[in-house]
């Protein structure tokens with residue numbers, strides 16, 4: 001059951017981030033090129049994703065704290081590159097939205113493992129004092 005709960009939380013946060021992404025993309029699309037609008041939409045969605053995953057999906061690993069900011073930076077570098085390139089390949093809107101979401105599965109899962117190890121190390125150090 002805990003795995004199912006995590007999958008549901010991940011889906012909820014990911015779905016919310018995807019909705020933010022597509023909403024911003026559709027709002028900005030008529031006003032600017034997709035190569036610019038898509039990365040901006042991704043930035044808006046990534047804020048929702050960062051807070052949602054660190055505070056909800058992976059709460060056990062983070063202890064209710066935010067992920068280290070380097071994971072957000074990694075997410076930005078990887079996904080902004082992808083978001084800028086996909087429109088040049090004339091990818092459909094669903095690919096524009098869900099490719100970063102799928103990449104985030106990998107990034108946030110790694111961030112959760114890192115956070116859990118860091119918390120365990122903190123706890124072990126505190127126990128030794």
**Prompt:** Label residue 123 and residue 36 with points 7 Å out from Cα along Cα→Cβ: what is the distance between them in nm?
**Reply:** 4.9
**Complete:** At q = 0.17 1/Å the base-10 log of I(q)/I(0) from the Debye formula over the alpha-carbon atoms of the chain is -0.83
**Complete:** Per GNM of the chain with C-alpha springs under 10 angstrom, the most fluctuating residue out of 80, 113, 43 is 113
**Asked** With N residues in the range 70-129, what two-decimal value do you get for its Cα radius of gyration over 2.2 N^0.38 Å?
**Response** 1.62
**In nm, spacing of pseudo-spin labels at residue 6 and residue 19 (7 Å Cα→C-beta vector)** = 2.5
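FYI, it's all coordinate maths here, none of it is from the lab. Source: prediction; values computed, not measured. FYI the Cβ positions are ideal-geometry reconstructions off the backbone, even for glycines, and counts take in every protein chain you see.
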